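Working notes, structure below.
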Amino acid sequence: MLSRYHKQKIDKQIVNQYKEINRKYALNYKFDSDLDFIQLSVFKTALKQKDKFEEIYEQTRNQYFDMWERLSFYERNEILHQELTPHLNTMKAFEFEETPIYIPFFDRLLNSLYASETAILELPQFFELYDNFNHRIIPLEFYGIEPIRHGFSSLEVIKTNETTLILYYPIKKIFYTVSKNRFKRYPIDEKCDLDSNQIETLANALLNEEAEFYDTLIMYQAIKKRCIKKILKLRKKGGQTNE
């Protein structure tokens, strides 16, 4: 219902940027759903964090260049750990099988090595990961909705429970529900002016029940008048407002 009256789409510039990421890393997203864009934004954040690990390694090695070759692997790793620790606190992460995941397109082992055995980046078998790692990429879906829940996507996570997330894209005024087996978008009037409390109220309503979400949209006049009339007409006839 909402999509019939609110036609906003993700900007072409962003679409093209994500298409390039999709092509470069052979991710095989089809761009037939906004969920593909959300997942690609997760990948983009993960890529930045991967680059950050590698940047800190390079900076640390250069800082200790005169003595680096005389240090053992374990001594190098200890220095790297000290340099890296303050940055870890600023990175997006979540726990998976007792391992912090900072790069959700890598498996648990690689995440553990990057975060706690960073000196492996100088070993021949890992050095190629700087630029040639497509063969080590795993589907982002492997970790379910946890990367999105923990802020890896470009959207705001407004409300969550154990199984479902409510996201909001403020630039285009679109709400989303995301769970393991369900994804749905709810575009509203781009001209409406919602404050943070109203956005949170709408997210709570959507997490609770879709009909409550529509009632709140009507109360805030956050959807177009023609859409409100259609919803009320359908309800009078006992019809559904589902998109």
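Counted by Cβ distance under 14 Å from Ile10, the other residues give a net charge of +3, where Lys and Arg count +1 and Asp and Glu count -1. Computed over the range 156-236, the range of Cα coordinates on each principal axis works out to 34, 27, 18 Å, biggest value leading.
Normalising the Debye intensity of the chain to I(0), with uniform scatterers on Cα atoms only, and taking log10 at q = 0.08, 0.13, 0.15 Å⁻¹ returns -0.41, -0.86, -1.03. Seen against the Cα atoms of the chain and their longest principal axis, helix 196-208 is set at about 80 degrees.
Which of the lysines could a cross-linker bridge to Lys237, judged by Cα under 24 Å and excluding same-chain residues fewer than eight apart? Reachable lysines: Lys224, Lys225, Lys229. Normalising the average separation of contacting C-alpha pairs (under 8 angstrom, six or more residues apart) by the number of residues puts the relative contact order of the range 1-112 at 20 percent. Comparing Lys173, Lys230, Lys50 in a Gaussian network model of the chain where C-alpha atoms under 10 Å apart are linked, the largest mean-square fluctuation is found at Lys230. Tell me the angle of helix 210-220 to the major Cα principal axis of the chain, expressed in degrees between 0 and 90 and rounded to the nearest ten. Once rounded, the angle reads 70 degrees.
Taking a straight Cα-Cα cut-off under 13 Å and skipping sequence neighbours fewer than 8 places away in the same chain, the aspartates and glutamates within cross-link reach of Lys30 are Glu20. Peptides 99-109, 215-225 ranked from most to least packed give 99-109, 215-225, packing being the mean of other C-beta atoms within 10 angstrom over each peptide's residues. Compactness ratio for the range 33-143: Cα radius of gyration over 2.2 N^0.38 Å (N = residue count) comes to 1.12.
Packing around the peptides 87-96, 202-211, taken as the average count of other Cβ atoms within 10 Å per residue, puts them in this order, highest first: 202-211, 87-96. Listed by chain and number, the lysines placed with their C-alpha closer than 21 angstrom to that of Lys92 are Lys44, Lys48, Lys50, Lys52, Lys159, Lys180; residues fewer than eight positions away on the same chain are left out. Among Leu110, Leu232, Leu27, the largest mean-square fluctuation in a Gaussian network model of the chain (Cα springs under 10 Å) belongs to Leu232. Each stretch of four or more DSSP H residues adds -39500 (n - 2.57); spread over every residue of the chain, this sum gives -15000 deg cm²/dmol at 222 nm. Considering the chain as a Gaussian network with a 10 Å cut-off on Cα pairs, which listed residue, Leu129, Leu140, Leu71, attains the greatest mean-square fluctuation? Evaluated over the chain, the most mobile residue of the options is Leu71.
Only the coordinates and a few stated rules stand behind these numbers; no lab work does. The structure displayed is predicted, hence computed values, not measured ones. Heads up, the Cβs are rebuilt from the backbone with ideal geometry, glycines too, and the neighbour counts pull from every protein chain shown.
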